[in-house]
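Report on the structure given below.
The values are calculated or read from the model by the stated rules, or taken from the named source; none is laboratory data. From a predicted model like this one, the values you see are computed outputs, not experimental measurements. In this analysis, Cβ positions are derived from the backbone assuming ideal geometry, glycine residues included, and neighbour counts consider all displayed protein chains.
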Amino acid sequence: MPGRRTVVPDPLKLGAGSVGAPTYSFSADATTGLYRGAASQLDLALGGQNVFRFHGTNGFQTLAPIVLSNTALRWGPGAFAAGDTVILREAIGVLALKNGTTQHTLRVYGTTSGGDKYLILTHDGTDASIGASSGILKVTTTALALGTNPSATGVIRLPNTAGIYWRNASNSGDLNAIAVNGSNQLLLGSGDMEVWIANAGASKLGFFSTAPAVLQTVTGSKGGNAALTSLIAALVAYGLIADTTT
C-alpha cells in the first residue's frame, strides 16, 4: 500500500527468471529487467534481449553498443583506485590514449609476454622525445625508433647493434644489408660482398671484410714500377685485390 514499508529480516530468494521473463521486471514492460542467467551470473534483459551480463569470473559483458558522450575510460592500479590510464575520444574519428602530461605506452603482445616480446608505441607527454625503455617499435610525432637504446636523432632511429636484413633467394638464411659493428663501422652487405664504411675523424672505406682505410695516395714515377707498386698497395688497403705478384 502507498506509504507502507515491508521489512524482510531473512534473505529474499526468488526464482532465476529468464531473458523473456526477468525476475525483476516492470508492470508496463515485463520483458525488461534483471534475472539470473547462470551460476554467479546476473543478466539484464531489454525487450526480451540479453544485453548486459555481470559475471563473477568474466566481469562485465555486453552485446549492445556502448556510446559515450566525450567521456574517458579510466583504469587504476586497484579496486576503486583513481584512474591513471585513460582512453578517450579526442576528435571525430580520433581515439587517444593519454592522461595530461603523463607518458602513456601501448603494448601489443603475441602468444608470449614479458621482455621485448611485444610491439610498443610510446610517447612522452611533454615533448616528442624517444626514451630508452625496452620495446620493439616506438613512434613519436617526429621519429620512428626500433629496438632498445635507439639513436637520439634522426627520423628513423636504430640501436647500435641493429641491422637491416633481406631473406636470401633460397629462403635458407638472411643477408646482412646494412648494420653497424662494435667498432662503429657501417657494414653494407655480408660475406664476400661486405663493404665497411667508417667515419671516426676521417672517412674510411673497406671491402670484403677488410678493415676500413683512409683515402689512399698513389705515388711514384709512371715511367717505372713505383707508381704501379703504390697503386697495388692502395687497392690492397681497401680490400679490392689480393697481391700475389712477385
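A single entry from Arg107, Arg4, Arg74 fulfils the requirement of being over 30 Å from Val139 (Cβ atoms) and either modelled with pLDDT of 85 or more or of a type outside the set (Asp, Glu) (or both): Arg4. For region 31-52, which residues satisfy the criterion of being farther than 19 Å from Lys13 by Cα and surrounded by fewer than 13 Cβ atoms within 10 Å (Cβ to Cβ)? Of everything in region 31-52, just one residue is farther than 19 Å from Lys13 by Cα and surrounded by fewer than 13 Cβ atoms within 10 Å (Cβ to Cβ), namely Gly47. Can you find even one residue in region 64-78 that is more than 23 Å from His104 (Cβ to Cβ) and small (Gly, Ala, Ser)? Yes: region 64-78 contains one or more residues that are more than 23 Å from His104 (Cβ to Cβ) and small (Gly, Ala, Ser).
Looking only at region 54-65, residues that are surrounded by 10 or more Cβ atoms within 10 Å (Cβ to Cβ) and assigned to a strand (DSSP E or B) come to 4 in all. Here Ile164 meets the list (1) under 30 Å from Ala211 (Cβ atoms); (2) at pLDDT below 75; (3) of a type in the set (A, V, I, L, M) almost entirely, failing just condition (2).
Test Phe60 against the criterion of being of a type in the set (Phe, Trp, Tyr), assigned by TED's automatic domain parsing to the domain that holds Val139, over 30 Å from Val139 (Cα atoms) and within 44 Å of the chain's Cα centre (by Cα), and give yes or no.
Working: of a type in the set (Phe, Trp, Tyr): yes; assigned by TED's automatic domain parsing to the domain that holds Val139: no; over 30 Å from Val139 (Cα atoms): yes; within 44 Å of the chain's Cα centre (by Cα): yes.
It is false that Phe60 is of a type in the set (Phe, Trp, Tyr), assigned by TED's automatic domain parsing to the domain that holds Val139, over 30 Å from Val139 (Cα atoms) and within 44 Å of the chain's Cα centre (by Cα).
Among the criteria (1) over 24 Å from Gly37 (Cβ atoms); (2) not in a loop (DSSP other than H, G, I, E, B), the one Leu68 does not fulfil is (2).
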